[in-house]
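Peer 1: I am attaching a structure below and will ask some questions about it afterwards.
The values are calculated or read from the model by the stated rules, or taken from the named source; none is laboratory data. Note that the coordinates shown come from a computational prediction; the quantities given were computed from them, not determined experimentally. Cβ placement follows ideal geometry from the backbone for every residue including glycine, while neighbour counts extend to all protein chains displayed. In case anyone asks, the SASA skips ligands and DNA or RNA and just uses the protein heavy atoms, side chains included. Shrake-Rupley method; radii C 1.70, N 1.55, O 1.52, S 1.80 Å.
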Amino acid sequence: MTDLRSLEQLLAVGRAPAWPVAVRAGQGVDFAGLRLRVAAWRAAFSAQPGRRWALYTEDSFEFAAALFGAWHAGACVYLPADNQPVTQARLREHVDGFAGQWPADCRPLAVMEPDPTPFSELDPEAEALVVYTSGSSGEPSAIPKRLRQLSTEVAALAACWPDLPADARVLGSVSHQHIYGLLFRVLWPLAAGRAFAAERLAYPEQIAAALAQARSLLVASPAHLKRLNDQLDWADARANLAAVFSSGGPLPADALPACRALLGQAPLEIYGSSETGGIAWRQREDAATANWQPLPGVQLRVANDVLQVRSGHLPDADWHATSDKVQLGDAGFELQGRADRIVKIEEKRVSLTALEAALMQSGLLQEARVVSLPGSRALLGVVAVPNARGWRCYDEDGKRALNAVLRDQLVDLVEPSALPRRWRYPWALPVNSQGKTTEAELHALFDPRRPEVRLLAHDATQATLHLQFAAASPYFVGHFALAPVLPGVAQLDWVVRLARALFALPPRFLRLEAAKFQQVIVPDTVLTLALGYAAARGSVSYSLHSAAGQHASGRIVFGAAA
Amino acid sequence: MLALEQEIKGLVIESLNLEDITPDDIDTDAPLFVEGLGLDSIDALELGLALQKRYGVSLSADSAETRAHFASVRALAAFVASARKQ
């Protein structure tokens, strides 16, 4: 059990002067040290006329001192995710000044001599904080929080896990500049009287080394929990780890075995958002799935298929709709995906609709679709149909140049880790047999077997294309180890696929005629494929050639369904 | 060292699954992160794991040192070469 102080009372009631508050560069900082530093920041904020301050600092102890200093000076703290120039420019319109780590032209606030005036209790209804949605596309939206919302949530966390050891240190791999890190790494530890680490742990090596030192709680995110390094010795870390939290995005089930093996336990997963605060939690101790349980004091209901919540973490007593579809039952709920086209890439929320709109602004495209590609690292892929200008860029400067121009359209919208990494430029958006462009059709364009294709000319009976099978294509694996060549079946497969996409062929493959493979095709060869369709005979003649000469030719006959 | 730098360029492309880029497109001295190749902190994690697997070298728990190793392909190659000797 811990001896909880509310955020309002933390400084007014206080703790013993020697009470451990933080660990910074291997040294303990006690409550007297915190009190002194908060008093210094309070003096600095109080001496300024402005009330709205942007706060950014990497050291979590300094951050905590500045935050409480601002609150005790009656200020409201704006919490940006980073201190980049774009963020500075955006904040300038909303804040009166900058505190913490900012370049000189932001004129960051200088800390002053501590003012010895006793601390009074904070007003729970004070407008204490403004947080931003995590890397959401477009302008990140600002979410104001009253102190009461934060205080209530901290109390809910303490009530949800009353049995965590009071003497455990709190370590984290997530930044306190987001609401999750702020609550779990700084505010909850301060209220519960647990010492927290001032430095953020960025690499698995650092996490293992820090955990090995003392009994700890770890505040982590899927980004790190998916990438625990099994080559490291986790034995001491495992013995010291009392609990590990994960939030910021879904933790894939295939990350669980490594967590259980290396950390000795499944993470306590937290579901919530910047707007709603914490909503629910679960721990998948031995199953791939488990229902989410509401945090203490959180009420749930389903309306229009989406989850609605009501809690003290919200600004008022109304129901607030999330964007998540759920299946709600007696034993908690299951999440069933987003209701809007928002995906999470490495914990950053991204609106696919907004990215598509920004891509179209380039003036180089007829159509654009952005898809989230599965894999160990979720990636965004772009399927874009260039217009004449776009194709000119592609043909004259190359695919990478077009990628770069389009990516530049998106840099202000999303953080680097969420930028699209796969680009496909088909001559038209792929459609299924009902004429619809489905997710599945779009995903098929990212199949690694698909060659790079450029349609040069096309009418009802003829087509000319450029094809290129890159050296990384799976077709070359083991065929052959020392001298890779494109298998004949792969050539024919793509002739048929492309012919089907270009001509209204009869459904059934009947036979191959006059097939010749005159010359092998090595990786990265720019091939020209000429197709001719004779509708009356249902046959497609093909020829593959390159600067090296003729590679293959033949005729494929199609017929009506049997 | 040249061969190791070339090998590391290949490892960067392979482990981060980069598209539309060959080892020759990567400048040995260009910053790998943010500018340059435009890689991010997640890539640093992935690359750290790949280096561990390929060369058995472990990054130091000191983040300033680690940041310096990731400055460029040249810095990474120097780090791998010296860490392997030990």
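Peer 1: Counting only residues that are within 15 Å of A:Leu251 (Cα to Cα) and aliphatic (A, V, I, L, M), which one in the stretch A:342-358 is nearest to the other protein chains (Cβ to nearest Cβ)?
Peer 2: A:Ile345
Peer 1: Restricting to the stretch A:6-20, name every residue that is surrounded by 14 or more Cβ atoms within 10 Å (Cβ to Cβ) and either closer than 20 Å to A:Ala73 by Cβ or free of Cβ contacts under 8 Å to residues at least 24 places away in the same chain (or both).
Peer 2: A:Ser6, A:Leu7, A:Glu8, A:Gln9, A:Leu10, A:Leu11, A:Ala12, A:Gly14
Peer 1: Confirm whether B:Ile8 is in a helix (DSSP H, G or I), open to solvent by less than 20 Å² (accessible area, probe 1.4 Å), of a type in the set (A, V, I, L, M, F, W, C) and at the interface with chain A (Cβ under 10 Å from one of its Cβ atoms).
Peer 2: When the stated conditions are applied, B:Ile8 does not pass them.
Peer 1: Next up: If you go through the stretch B:32-47 one residue at a time, how many are assigned to a loop (DSSP other than H, G, I, E, B) and either open to solvent by 20 Å² or more (accessible area, probe 1.4 Å) or among the β-branched types (Val, Ile, Thr) (or both)?
Peer 2: 5
Peer 1: Based on this model, can you work out whether B:Ser82 counts as more than 23 Å from A:Ile207 (Cβ to Cβ), open to solvent by less than 40 Å² (accessible area, probe 1.4 Å), of a type in the set (Ser, Thr, Tyr) and away from chain A (no Cβ under 12 Å)?
Peer 2: The answer is no for B:Ser82.
Peer 1: Quick check: anything in the stretch A:241-250 open to solvent by less than 10 Å² (accessible area, probe 1.4 Å) and within 14 Å of another protein chain (Cβ to nearest Cβ)?
Peer 2: Taking every residue of the stretch A:241-250 in turn, none turns out to be open to solvent by less than 10 Å² (accessible area, probe 1.4 Å) and within 14 Å of another protein chain (Cβ to nearest Cβ).
Peer 1: Could you list, in sequence order, the residues of the stretch A:197-210 that are part of a loop (DSSP other than H, G, I, E, B) and either of a type outside the set (A, V, I, L, M, F, W, C) or within 12 Å of another protein chain (Cβ to nearest Cβ) (or both)?
Peer 2: Answer for the stretch A:197-210, where residues must be part of a loop (DSSP other than H, G, I, E, B) and either of a type outside the set (A, V, I, L, M, F, W, C) or within 12 Å of another protein chain (Cβ to nearest Cβ) (or both): A:Glu199, A:Arg200, A:Leu201, A:Ala202, A:Tyr203.
Peer 1: For the stretch B:50-59, which positions are in a helix (DSSP H, G or I), open to solvent by less than 40 Å² (accessible area, probe 1.4 Å) and at the interface with chain A (Cβ under 8 Å from one of its Cβ atoms)?
Peer 2: The answer is B:Gln52, and nothing else.
Peer 1: For residues in the stretch A:66-98 being in a loop (DSSP other than H, G, I, E, B) and of a type in the set (A, V, I, L, M, F, W, C), which is nearest to A:Arg37 (Cα to Cα)?
Peer 2: A:Ala73
Peer 1: I'm told B:Glu14 meets every condition in (1) within 11 Å of another protein chain (Cβ to nearest Cβ); (2) outside any helix (DSSP H, G or I) except one. Can you identify the failing condition by its number?
Peer 2: (2)
Peer 1: Confirm whether A:Thr438 is of a type in the set (S, T, N, Q), at pLDDT 90 or above, open to solvent by less than 60 Å² (accessible area, probe 1.4 Å) and under 19 Å from A:Ala501 (Cβ atoms).
Peer 2: no
Peer 1: In the stretch A:31-63, how many are touching a residue at least 24 places away in the same chain (Cβ under 8 Å), closer than 23 Å to A:Arg5 by Cα and either of a type in the set (A, V, I, L, M, F, W, C) or not in a helix (DSSP H, G or I) (or both)?
Peer 2: Summing the residues that are touching a residue at least 24 places away in the same chain (Cβ under 8 Å), closer than 23 Å to A:Arg5 by Cα and either of a type in the set (A, V, I, L, M, F, W, C) or not in a helix (DSSP H, G or I) (or both) in the stretch A:31-63 gives 9.
Peer 1: Same structure, new question: Which one of B:Asp62, B:Asp29 is away from chain A (no Cβ under 12 Å), open to solvent by 30 Å² or more (accessible area, probe 1.4 Å) and either under 11 Å from the mean Cα position of the chain (by Cα) or more than 28 Å from A:Phe469 (Cα to Cα) (or both)?
Peer 2: B:Asp29
Peer 1: Given A:Ser173, A:Ser221, A:Ser151, which one is polar (S, T, N, Q) and away from chain B (no Cβ under 13 Å)?
Peer 2: Checking each option against the conditions leaves just A:Ser151.
Peer 1: Out of curiosity, is A:Leu256 within 14 Å of chain B (Cβ to nearest Cβ), surrounded by fewer than 22 Cβ atoms within 10 Å (Cβ to Cβ) and either outside any strand (DSSP E or B) or not basic (Lys, Arg) (or both)?
Peer 2: no
Peer 1: Taking strands (runs of 3 or more DSSP E) that fall entirely within the stretch A:101-191, which contain at least 2 residues that are buried (at least 22 other Cβ atoms within 10 Å of the Cβ)?
Peer 2: So the answer is A:127-132, A:169-172.
Peer 1: Within the stretch A:503-537, can you find the residues that are within 26 Å of A:Ala428 (Cα to Cα), part of a strand (DSSP E or B) and of a type in the set (A, V, I, L, M)?
Peer 2: Residues satisfying the conditions are A:Val526, A:Leu527, A:Leu529, A:Ala530, A:Leu531, A:Ala534.
Peer 1: Another question, if that's okay. Can you pull out the residues in the stretch A:537-562 that are without any contact (Cβ under 8 Å) to a residue 24 or more places away in the chain and hydrophobic (A, V, I, L, M, F, W, C)?
Peer 2: A:Ala547
Peer 1: How many residues does the stretch A:464-505 hold that are open to solvent by 30 Å² or more (accessible area, probe 1.4 Å) and either farther than 18 Å from A:Lys516 by Cβ or among the acidic types (Asp, Glu) (or both)?
Peer 2: Counting residues in the stretch A:464-505 that are open to solvent by 30 Å² or more (accessible area, probe 1.4 Å) and either farther than 18 Å from A:Lys516 by Cβ or among the acidic types (Asp, Glu) (or both) gives 21.
Let's see how each residue does on (1) touching a residue at least 40 places away in the same chain (Cβ under 8 Å); (2) hydroxyl-bearing (Ser, Thr, Tyr):
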residue: A:Asp230; (1), (2): no, no
residue: A:Asn240; (1), (2): no, no
residue: A:Ile270; (1), (2): yes, no
residue: A:Thr276; (1), (2): yes, yes
residue: A:Pro294; (1), (2): no, no
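Peer 1: Could you list, in sequence order, the residues of the stretch A:211-232 that are in a helix (DSSP H, G or I) and among the aliphatic types (A, V, I, L, M)?
Peer 2: Selection gives A:Leu211, A:Ala223, A:Leu225.
Peer 1: Is it the case that A:Ala358 is within 28 Å of A:Gly381 (Cβ to Cβ), of a type in the set (A, V, I, L, M, F, W, C) and crowded, with 18+ Cβ neighbours inside 10 Å?
Peer 2: For A:Ala358, the condition - within 28 Å of A:Gly381 (Cβ to Cβ), of a type in the set (A, V, I, L, M, F, W, C) and crowded, with 18+ Cβ neighbours inside 10 Å - is met.
Peer 1: Could you go through the stretch A:442-463 and let me know if any residue there is open to solvent by 50 Å² or more (accessible area, probe 1.4 Å), in contact with a Ser or Thr (Cβ under 6 Å, 6 or more places away or on another chain) and polar (S, T, N, Q).
Peer 2: No, that holds for no residue.
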